[in-house]
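Below: the structure, in structure tokens.
Computed from the coordinates by the stated procedures, all read-outs in this text should not be read as laboratory data. Just so you know, these numbers come straight off a predicted model, no measurement behind them. Cβ placement follows ideal geometry from the backbone for every residue including glycine, while neighbour counts extend to all protein chains displayed.
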């Protein structure tokens, strides 16, 4: 995709950026490099390639899913201000 300096001026205006002519030329070159890279990546044939969740084949070290603390529900509910049928009652905050 070819990018003109008028396109850069339009983008700068939309982004509400005040740019000098030198900054315009610098931004033009940078944006052109970005568009060239995008075109290069789009030219690669990716048919048959499964999407990856991560760039590297990593596996997470996870701990075993086992109970590590005692059940203290009754204790916590005994000191709560209001409990009804195992649920904590709180004041209404949204009308």
Inset, instruction - With just the Cα atoms of the chain, tell me how far they stretch along each of the three principal axes, in Å, largest first. - result: 71, 44, 22
Legend entry - Cα centroid of segment 1-37 to Cα centroid of segment 49-95, whole Å: 49
Legend entry - Burial ordering of 3, 87, fewest other beta-carbon atoms within 10 Å first: 87, 3
Inset, instruction - Round to the nearest 0.05 the FRET efficiency obtained for residue 43 and residue 63 when R0 = 41 Å and r is the Cβ-Cβ distance. - result: 0.40
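Once fully extended, how much extra length lies between residue 89 and residue 34, figured as 0.36 nm per residue of separation less the alpha-carbon to alpha-carbon distance?
So the extension gain works out to 14.2 nm.
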